[in-house]
1. Using only alpha carbon positions, build the gyration tensor of region 198-258, then give the equivalent ellipsoid semi-axes as the square roots of 5 times its eigenvalues, largest first, whole angstrom.
2. What are the aspartates and glutamates whose alpha-carbon lies under 13 Å from the alpha-carbon of residue 203, with same-chain residues fewer than 8 places away excluded?
3. So what J values fall out for region 184-200 if you push phi through Karplus, 6.51 cos²θ - 1.76 cosθ + 1.60 with θ = phi - 60°, rounded to Hz, Gly and Pro as x?
4. In Å³ and rounded to a whole number, note down the convex hull volume per residue for the Cα atoms of region 130-202.
5. Determine which lysines satisfy two conditions relative to residue 11: a Cα distance under 26 Å, and not lying fewer than 8 residues away in the same chain.
6. Could you let me know the centre-to-centre spacing of region 281-333 and region 180-256, using Cα atoms, in angstrom?
7. What does the helix-only formula give at 222 nm for the chain: each DSSP H stretch with n ≥ 4 adding -39500 (n - 2.57), the total divided by the residues, and the result rounded to the nearest 500 deg cm²/dmol?
8. Could you give the semi-axes, largest first, of the ellipsoid that matches region 3-136, computed as the square roots of 5 times the alpha carbon gyration tensor eigenvalues and rounded to whole Å?
Amino acid sequence: MTPVIESEEHKSLREAVSTFAANHPRTLGTDTTHLWQEAAKLGYIGVNLPEAYGGGGAGITELALVLEEMGASGNPLLMMIVSPAICGTVISRFGTEEQKREWLPPLADGTRLMAFGITEPDAGSNSHRITTTARRDTATGDWLLTGRKVFVSGVDIADATLIVGRTEDARTGKLKPCLFIVPRDTPGFERRPIDMELNAAEKQFELTLDDVRLPADALVGDEDAGLLQLFAGLNPERIMTAAFGIGMGRYALSRALEYARERTVWKTPIGAHQAIAHPLAQAHIDLELARLMMQKAAHLYDAGDDMGAGEAANMAKYAAGEACVKAVDQAVHTLGGNGLTREFGLAQLITASRVARIAPVSREMILNYVSHQTLGLPKSY
């Protein structure tokens, strides 16, 4: 049974992270290196990674809690979605002992970062159309990767990127997904920054892999595991994106509430008017409901129910994305012209909040998933 009420341990963790994040200057759009390192020292970055490799021994439930509270204080750490949640989880579940020893301790203590490359220019949300291919060099046993990736976060600050490629099944000739660790300075591995309107510390990149040569042990997990390993990383990605959106929405809502209590027109705080109060109350309700679904998804994932977590993670990501956008929009509207000033810091959230709707999968694809997988309706694509 998924607990609806948080345990005392989770309440304590939430309070500790909130206090820590609130005592740091707001970092949205600025360099987060110092904040990342400080959070890692306290065990927050690697809370989900195995204790045997320097982590906290907890799960995605706790990591999502950390990210939510960081965001609610105006200090979201986008790379938490990628480095410990996706890459750390995949390596801890499927990596070799050597890969675990090399990567998990520094991912946990914040001294190393890992990016994740799956999206391609022509594949979009269709992971079955990924064209980045990996082939064996029969003479050496090395892998050779060729392809392109887009919208990969933080490649410039990451020590390596976990790349989703496809290999040919020797029995059927069909292509199947596989995961490879590609160090940042590997010859043939080129990156180009994408000029984004989004004001974020973590930059977006297009990657080009031109016969990138990797040793045999760059492959993570079983060559024949296919989608199992891929979705082991994508479910945490959706859960953490939900946490990212909920935290951002809570931050925007808190600024709006503060303003609505203090801003007085005709001797009355504007928060006393239902036209202001009711939309803010609705935003709070939507964020709380999204959090419940996120917690359900995280608990299912940590319990090892990958199928159940898949449905819940998609629903959580959808609900959080919608709630985040609505909360930010209402917060800006509550402040009026002040909502667009740098002083109050809400205007940049208008763009940032869209990330929770768009990435890592669009709301329309989630609706496709639910209508087909959950409701049993005919597939539309």
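1. Equivalent ellipsoid semi-axes, largest first: 36, 18, 7 Å.
2. Straight-distance partners of residue 203: 31, 156, 195.
3. Karplus values, whole Hz, x for Gly and Pro: 4, 9, 5, x, x, 9, 10, 10, 9, x, 9, 6, 9, 6, 5, 8, 9.
4. Taking the convex hull of the Cα positions in region 130-202, it is 98 Å³ per residue.
5. The qualifying lysines are 41, 296, 317.
6. The distance from the Cα centre of region 281-333 to that of region 180-256 comes to 21 Å.
7. Value at 222 nm, helices only: -15000 deg cm²/dmol.
8. 27, 19, 15
The values are calculated or read from the model by the stated rules, or taken from the named source; none is laboratory data. Just so it is clear, the model here is predicted, and its values are computed rather than measured. In this analysis, Cβ positions are derived from the backbone assuming ideal geometry, glycine residues included, and neighbour counts consider all displayed protein chains. The protein model used for the area step is the full one, side chains on, heavy atoms only, and it has no ligands, DNA or RNA in it. Shrake-Rupley method; radii C 1.70, N 1.55, O 1.52, S 1.80 Å.
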